[in-house]
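A short worksheet on the structure shown next.
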Amino acid sequence: MDCPSCASKIETAVGRVRGARDIRVNYGTQILAFRLDEAATPRTAVEEQVRRLGYGIAPVEAPRVVAGEPGTAGSEVRSPVRRPWWRGTKARLAAILAVLIAAGFAVSLAVPSLDHWAYLPATLLGLAFFGQKAAAATRAGSPFSIEMLMSIATVGAIAIGATSEAATVVFLFTKGELLEGVAASRARSGIEALGALVPRTALLVEGGTAREVPAASLKVGDLVLVRPGDRVSADGEVVEGASEVDESPVTGESVPVPKTEGGSVFAGSINASGTLQVRVTKPASDNTIARIIRLVDEAQEAKAPTARFIERFSAIYTPIAVVVAALVAVAPPLLLGADWDVWVYRGLALLLVACPCALVLSTPAAIASGLAVGTRRGLLVKGGGALETIGRVRTVAFDKTGTLTEGRPRVTDVLALTGSERTMLGFAATVESGSSHPLGRAILERAAADGIPLRPAKDFRAIPGKAVEAVVTGKRVSVGSPSYASEQAPLPVDAERAVAEWEGEGKTVVVVSVDGASTGLIAVRDEPRADAAAGIRALRDLGVRAVMLTGDNPRTGKAIASALGLDVQAGLLPEGKLREIGGLKAKAPVAMVGDGINDAPALAAASVGIAMGGGTDVALETADAALLNSRVVDVAALVGLSRATLANIHQNVAIALGLKAVFLVTTVVGITGLWPAVLADTGATVLVTLNALRLLGYRFQVATHG
């Protein structure tokens, strides 16, 4: 399926099969689910009904283990093998049409008298392809599909001799359908990539030894070993060991979280330092990553299929136009004895006036221009539906880490308790040079920026969740938490005051100690992006509310939100973010902006999902749009561009229908005939195209006040 309207066609078609009920079509996962009375109708009848619409269909295999010992059971699903997009039917059709149109252009230049015939092969090929689909959709209960509208437009253009227009319209429509299909395929691949976060194997501890087993075979109560650097293979509880675990893929927490006996860990998180033994608390089919995948699927299924604007309108416009033209042609002669030639001529002219070429182009032309403008600015939007929706949002929900902030902790404050700041920073950076912890990297970056050299050191060791230590120039230096430093020696009063103040601002504070005596404090925080405040202000100027949804702790979340001037909900797991999005969406259209895997369900559930360009592949593929330059202010730019595109669409529709309304009256009363009718149609097409091209000059300006 290339677009959400395909889902509604399939649902309508299957609904006409005797014995079929409870029909659900999930456009995101490409899955059709239904109940069928197979005593009344075989399953093959449903498959044949779908194939007649031009779609492929095959049974979905039940979840099963793809690697492991015989007889084991789990939730891992083998991904279906898909053909590359360039080998699909529409890709081949688009290529052939492009060649035929180029050949027709060459022939029309060489022999102008053959202009009509030069473009006819491309036009007829497109008409045959989409006409067949239109006929199948009509038989299946969807007579006024976009394919039917295209077919009527193409036939009308052929009738008036505008084969070059017809060929161009068919080619552009084919290209648009192809691009939508590519975007849909990439989105599905992104969802499937979530499963790669959980390792395929785990170290199962039995009888005091560890052996490698398939992760999908783990059962509740099993004991697994997680070494430093390993991904956690299952949701569980730590029963032995201490370490720090990077939970950012699941919770969005910006720094690793200390884990000791009794602490819970999530599947897919990364063990940073110490060795852990973990008791499995949830089966593979219900671990954190599996739940996120289900949430994404359910959120996408919950999105009602949105028919394209023109297709919805054509359900009324097209049949009325055809019926009116037929009545104009036959009613006066039959009822009033009027001249047949005159009224058939006027009916034919009216049918040409009603030819929906300009109407068909009105929305795609504006969308194409809007997408082109966005691409130039680094705003990647996956299709016209998303571009239209963005302009209607009234609330934008932001993730914190990596979205409103840079996703990389930086040193914000330094306080020397004894000696100089440079000396204290030099000691800290030397100790952290053997660590890969984000806080350590922040201290090393600050030392490098200040030109502070590292000193010779030895005997590096880590105390998980507490400190790192080393012997530097003969002195035992530690960089650790305030609580660990207090265990060695009481902190001075001014140091305790600074720790409380900085932690109140959402910063992580470490204490540098030399031979057990505290010598300085360093505060580290994941700081807001340089344009975050301007981006929130620009949204406010557009009348859009901004709110932060973060998995980070409430103290840090409130500190960042207060600095940027927006509301905040902190401490949220993926389910919590999904719940908050649902509440906001019930009031008005809402956009979700995020960058992490934990944001994927909320991105899918929102009216429109927007991913930061520097985020994870899963977030980028799940979202409807991406900010390739990772600028917060680009969210407001995207809203502004969408609103400009919507305005352009409305103008185009008004042009197309306005001209037709004028010429409808003049044709019926006999003021205009066939040639003015042709000019009305082609003129409207030209005006619609020029108006859409005007959108290419759109520029978004960010206010500098505040």
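The values are calculated or read from the model by the stated rules, or taken from the named source; none is laboratory data. Just so it is clear, the structure is predicted and the values come from calculations on it, not from any experiment. Here Cβ is always computed from backbone atoms with ideal geometry, including for glycine, and neighbour counts include all displayed protein chains. Please note that ligands, DNA and RNA were not included when accessible areas were found on the heavy atoms of the full protein model with its side chains. Shrake-Rupley method; radii C 1.70, N 1.55, O 1.52, S 1.80 Å.
Residue pairs, Cβ under 6 Å, 6 or more apart or interchain, first in region 361-380 and modelled with pLDDT of 75 or more and open to solvent by 20 Å² or more (accessible area, probe 1.4 Å), second in a strand (DSSP E or B) and not β-branched (Val, Ile, Thr). List them.
Leu380/Ala626
How many of the residues making up region 525-543 are within 14 Å of Asp567 (Cα to Cα) and out of contact with any helix residue (DSSP H, G or I) (no Cβ under 6 Å at 6 or more places or on another chain)?
Number satisfying all stated conditions: 2.
Return the pairs, sorted by first residue and then second, in which the second residue is buried (at least 21 other Cβ atoms within 10 Å of the Cβ), the first residue lies in region 385-399 and is polar (S, T, N, Q), the beta carbons are less than 7 Å apart, and the residues are 6+ apart or on different chains.
Thr389/Ser607; Thr389/Val608; Thr395/Leu584; Thr395/Val590
Filter region 226-276 for residues that are assigned to a loop (DSSP other than H, G, I, E, B), β-branched (Val, Ile, Thr) and surrounded by fewer than 23 Cβ atoms within 10 Å (Cβ to Cβ); which is modelled with the lowest pLDDT?
Val255
The rows are residues; the columns are (1) open to solvent by 50 Å² or more (accessible area, probe 1.4 Å); (2) more than 30 Å from Ala538 (Cα to Cα).
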| residue | (1), (2) |
| --- | --- |
| Ile390 | no, no |
| Thr395 | no, no |
| Asp399 | no, no |
| Gly407 | no, no |
| Asp413 | no, no |
| Ala416 | no, yes |
| Arg422 | yes, yes |
| Ala429 | no, yes |
| Glu432 | no, yes |
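From (1) under 33 Å from the mean Cα position of the chain (by Cα); (2) under 16 Å from Thr168 (Cβ atoms); (3) not hydrophobic (A, V, I, L, M, F, W, C), pick out the condition that doesn't hold for Ser108.
In the conditions (1) under 33 Å from the mean Cα position of the chain (by Cα); (2) under 16 Å from Thr168 (Cβ atoms); (3) not hydrophobic (A, V, I, L, M, F, W, C), Ser108 misses (1) alone.
Could you give every pair whose Cβ atoms fall below 7 Å, whose first residue belongs to region 424-443 and is without any contact (Cβ under 8 Å) to a residue 60 or more places away in the chain, and whose second residue is open to solvent by less than 10 Å² (accessible area, probe 1.4 Å) and in a helix (DSSP H, G or I), counting only separations of at least 6 or pairs across chains?
Once the first residue is without any contact (Cβ under 8 Å) to a residue 60 or more places away in the chain and sits in region 424-443, its partners that are open to solvent by less than 10 Å² (accessible area, probe 1.4 Å) and in a helix (DSSP H, G or I) give Gly426/Ala447; Ala429/Ile443; Ala429/Ala447; Glu432/Gly440; Glu432/Ile443.
Could you check region 207-225 and list, in sequence order, the residues that are open to solvent by 40 Å² or more (accessible area, probe 1.4 Å) and over 20 Å from Glu261 (Cβ atoms)? Outline the logic, then answer.
Taking region 207-225 as the starting set, the residues that turn out to be open to solvent by 40 Å² or more (accessible area, probe 1.4 Å) are 207-212, 219-220, 225.
Once the filter is applied, which keeps residues that are open to solvent by 40 Å² or more (accessible area, probe 1.4 Å) and over 20 Å from Glu261 (Cβ atoms), region 207-225 yields Gly207, Thr209, Arg211, Glu212, Lys219.
Anything in region 494-511 that is small (Gly, Ala, Ser), assigned to a helix (DSSP H, G or I) and in contact (Cβ under 8 Å) with a residue 12 or more places away in the chain? List them, or say none.
In the first step, residues of region 494-511 are kept if they are small (Gly, Ala, Ser); the result is 495, 498, 500, 504, 506.
Those left that are additionally assigned to a helix (DSSP H, G or I): 495, 498, 500, 504.
Within region 494-511, Ala495, Ala498, Gly504 qualify.
Yes/no per residue for (1) closer than 16 Å to Thr412 by Cβ; (2) open to solvent by 80 Å² or more (accessible area, probe 1.4 Å):
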| site | (1), (2) |
| --- | --- |
| Gly440 | yes, no |
| Ala447 | yes, no |
| Asp450 | yes, no |
| Ile463 | no, no |
| Ala467 | no, no |
| Val472 | no, no |
| Lys475 | no, yes |
| Glu503 | yes, no |
